[in-house]
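The values are calculated or read from the model by the stated rules, or taken from the named source; none is laboratory data. Please read these numbers as outputs of a predicted model, since none were measured by experiment. So basically every Cβ, Gly included, is an ideal-geometry build from the backbone, and we count neighbours across all protein chains shown.
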Amino acid sequence: MLRRLGGRGLASALSSLPAPLPAASALRLVQHVLSDSPACASRTGEDLLTPRVSTLLLPSLVADRASLPSARRLLSRLIRFHPLPIAAAAVADAACTTTSDLLVHACINSPAGGSLSRATDAFLVLSTRGTLPSIKTCNILVEALGCAGQLDAARKVFDEMRDGKTVAPTEYTYTAMIKALCRAGEVDAGFVMLAELRRAGLQPTVVTYNVLIDALCKSGRVEEAFQLKGRMVESSLRPSVVTFGILINGLARAERFGEVGAVLQEMEGFGITPNEVIYNELIGWHCRNGHCSEALRLFDVMVSKGTKPTVVTFNLIAKGLCKEGEMERAEQILDEMLLSGMKVHCGLFNTVVAWLLRRAGRLDSVLRLIREMCARFVKPNDALMTACTQELCKSGKHLEAAEIWFKVLEKGLGVNIATSNALIHGLCEGNNMKEATKVLRAMVNNGVELDSITYNIMIQGCCKDGKMEEAIQLRDDMIRRGFKPDLFTFNTFLCAYCNLGKMEEALHLLDQMKREGLKPDIVTYGTIIDAFCKAKDVQKAKEYLNELAKVGLKPNVVIYNALIGGHCRNGNISDAIGVLGTMKSNGIQPTAVTYGCLMHWMCYSGLVKEAKAIFAHCIVKNIELGVIGYTIMIQGLCKIRKIDEAVIYFKEMRSKDIAPNKLTYTTLMFAYCKSGNNEEASKLFDEMVNSGIVPDSVSYNTIISGCCEADSLDKAIEMPAEMPSRVLKQDGCLYSPLVNGITTPWREKEAASIAE
């Protein structure tokens, strides 16, 4: 029947009924139409709820609170399916203030863009037709336009209110307009509006004055702000805590903090206690200016007067302490905030974590705070995240670094490529290729873009781990993803092939590098020269030394050290010394490694006297040879059975606080055992263990062999009980001297026990 009537027929039928239509009847009709078939409920057929029908139904619907939702629904449909001027005209024809209110609010709250402009247009149509919304709605519209920076539209609405006869502006309306003008930087126009307010027979409120005082302070006119506050007091209007907070903020901005005391005294005269905003302003100013002790005093005053510190208060104090370097106290404040469940600013987290990162032994605290940040969905900044990853890996906490990385990823906080690369590099350096591969897979699966650095790190890790096939697969994948292998990639493979002794593959790679337009660098040539020197092919090494010079490169200390080592391996000590001379004449200073290499091969060749001369030269030149240099000399002297002289070097190194290593101890122990001095060998063994050095199979073999040869069987039998089972399992040769030493008839049981 409704469909047969159509929109016009329904409007005619409703017009013939006594007005107003009962709310219940209007509600049933709207619900029936909106829930009817799609033909009625949509625009596919003739719309029954025409603007005229809506005009007739709306006054009845807004008359009853229970039917207000249906009125809003009808209005939303009206402005969705009809041009706004037509919809607003229909509402105006309803001649109902509540309906006008609903229309303006529907426009303001619309999620569509330009909602405030539509609300203004609707308001102007309603004003033209003499049916303005209520003063409350008008004020809301003016304030919303002012806050959105739409000053011209706010003026239009205000002018319509002021010039019309229906709804006159109130103190609230004037204050909203003053706020809009001040927000737009038109402070003087705000004072003109204040004068107009008075001419209209209205009195400004505390809020009105506060808006103007705030605008004056923010524009640097602090003196005028205080004068305005004075006029406010003269007009018998009592300032509020907000008024004084604005003035204190203005003084702080103007660096006139010396005058704050007078303002606080005036507040006290009015019986006004500073609130948390004022305390935060005072504390913040002192923190910014390095007066942390005064800020902390104010904090205590704040608490003693019953004003509860806010999260802003704690963040201000903690950041101030950080700025002054009072990091221990800042950390305490941060811990208090965490315990009380307060929101912590990410900057404070980052500052404290960065400080902890720089302090030795605080990595556990760093981990604790970063885990807390992740739990609160606060992301450490990228630079800090990368630094944390690097430090954790350097300290051997590779799995903890990976755990943090995965946590940040899982929380959706995002990980950047620099941090990811730092983690993969740390894991590869820590020989944890399995975890590095897991991170790489997670990067790919979570859309973290890989770069050539990622691939180079992984390739280097695989090469160091001897996994050449995996390295080649990564290089191929790298090329598929559009990354061209660079010099680092080639040098990594070159080094791997050289270390494996595969010189043919290495030289093929060098040729490929040249074909692809890459210029071999000092690292490339240094790797090849070192490999040939280690293979005792010094002549071939010299060929690449000549090629290096032809391309304009100069050999560095690493290359000279490799050549010295090559000559020494071939027993050509004199040629090695000749390289040393060339090195010096070319301005390359020999290092501890250079001299250590020469000393080692001299001792190996029995030229201990010459090695001693080099050692003495290093001492004179203040070249630190360290434990390696001393151990080389001790080995050389022990080899020619000059144990007493070796002991002199041993004592000298300890006097210089150079701690002997496992090889140092084992060398001397072996020499003592060979000379039959088991007692001194045993003392050294005990000293080594007491210093925290864990003996290996060589150490045990040395001392056990010595004891067995000297018939110190009781000491020898005690040793296996002290030895880790893995050492015994790994080195079966330890049994031989021990079992052979106790196979006398009265020792057969001990031999059988050890053999088991």
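Here are the numbers for the structure shown:
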quantity	calculated
Given (1) at pLDDT 90 or above; (2) of a type in the set (Asp, Glu); (3) over 26 Å from ILE640 (Cβ atoms), number of the condition GLU687 does not satisfy	(3)
Candidates LYS656, LYS674 - the one that is surrounded by fewer than 17 Cβ atoms within 10 Å (Cβ to Cβ), over 52 Å from the mean Cα position of the chain (by Cα) and modelled with pLDDT of 85 or more	LYS674
Condition met for GLU687 (among the acidic types (Asp, Glu), farther than 26 Å from LEU607 by Cα and either out of contact with any His (no Cβ under 6 Å at 6 or more places or on another chain) or surrounded by 17 or more Cβ atoms within 10 Å (Cβ to Cβ) (or both))	yes
Within segment 655-677, considering residues that are part of a helix (DSSP H, G or I) and of a type in the set (Ser, Thr, Tyr), the one farthest from LEU637 (Cα to Cα)	SER655
Hits in segment 18-33 (condition: in a helix (DSSP H, G or I) and either at pLDDT below 75 or among the charged types (D, E, K, R) (or both))	ARG28
Any hit, segment 157-165, residues being in contact with a helix residue (DSSP H, G or I) (Cβ under 7 Å, 6 or more places away or on another chain), modelled with pLDDT of 90 or more and farther than 22 Å from ALA90 by Cα	yes
Filter result for the condition that a residue is free of Cβ contacts under 8 Å to residues at least 40 places away in the same chain and closer than 23 Å to HIS425 by Cβ, over VAL378, VAL344, VAL353	VAL353
Any chance LEU563 is surrounded by 14 or more Cβ atoms within 10 Å (Cβ to Cβ), over 41 Å from the mean Cα position of the chain (by Cα) and either modelled with pLDDT under 95 or over 28 Å from CYS618 (Cβ atoms) (or both)	no
Filter pass, THR173 being polar (S, T, N, Q), part of a loop (DSSP other than H, G, I, E, B) and outside the structural domain of SER100 (by TED's automatic domain parsing)	no
Count of residues meeting criterion [under 45 Å from the mean Cα position of the chain (by Cα) and either modelled with pLDDT of 90 or more or among the hydrophobic types (A, V, I, L, M, F, W, C) (or both)] in segment 227-271	18
Residue list for segment 158-176, restricted to those being more than 15 Å from GLU143 (Cα to Cα) and hydroxyl-bearing (Ser, Thr, Tyr)	THR166
Selection count where residues are out of contact with any Asp or Glu (no Cβ under 8 Å at 6 or more places or on another chain) and outside any helix (DSSP H, G or I), scope segment 549-583	8
Helices (runs of 4 or more DSSP H) contained entirely in segment 212-284, each with at least 1 residues that are touching a residue at least 12 places away in the same chain (Cβ under 8 Å) and under 23 Å from TYR172 (Cβ atoms)	222-234, 241-253
Inter-residue pairs, beta-carbon under 9 Å, first surrounded by fewer than 19 Cβ atoms within 10 Å (Cβ to Cβ) and in segment 449-468, second of a type in the set (S, T, N, Q) and not in a helix (DSSP H, G or I), 6+ apart	LYS464/ASN431; ASP465/ASN431
Inter-residue pairs, beta-carbon under 6 Å, first under 14 Å from ALA63 (Cβ atoms) and in segment 18-41, second modelled with pLDDT of 75 or more and loosely packed, with under 12 Cβ neighbours inside 10 Å, 6+ apart	none
Odd one out for ARG80 among (1) loosely packed, with under 15 Cβ neighbours inside 10 Å; (2) of a type in the set (Lys, Arg); (3) touching a residue at least 24 places away in the same chain (Cβ under 8 Å)	(3)
Residues of segment 584-611 that turn out to be part of a helix (DSSP H, G or I) and touching a helix residue (DSSP H, G or I) at 6+ places or on another chain (Cβ under 7 Å), as a count	15
Qualifying residue in segment 305-317 (condition: among the hydroxyl-bearing types (Ser, Thr, Tyr), in a helix (DSSP H, G or I) and touching a Leu at 6+ places or on another chain (Cβ under 6 Å))	no
Pairs with Cβ under 9 Å, 6+ apart, first in segment 384-400 and within 18 Å of GLY414 (Cα to Cα), second of a type in the set (D, E, K, R)	MET385/LYS379
Single residue of THR170, THR166 found to be in contact with a Leu (Cβ under 6 Å, 6 or more places away or on another chain) and among the hydroxyl-bearing types (Ser, Thr, Tyr)	THR166
Those residues of segment 620-640 which are under 11 Å from VAL608 (Cβ atoms) and among the charged types (D, E, K, R), in sequence order	LYS639
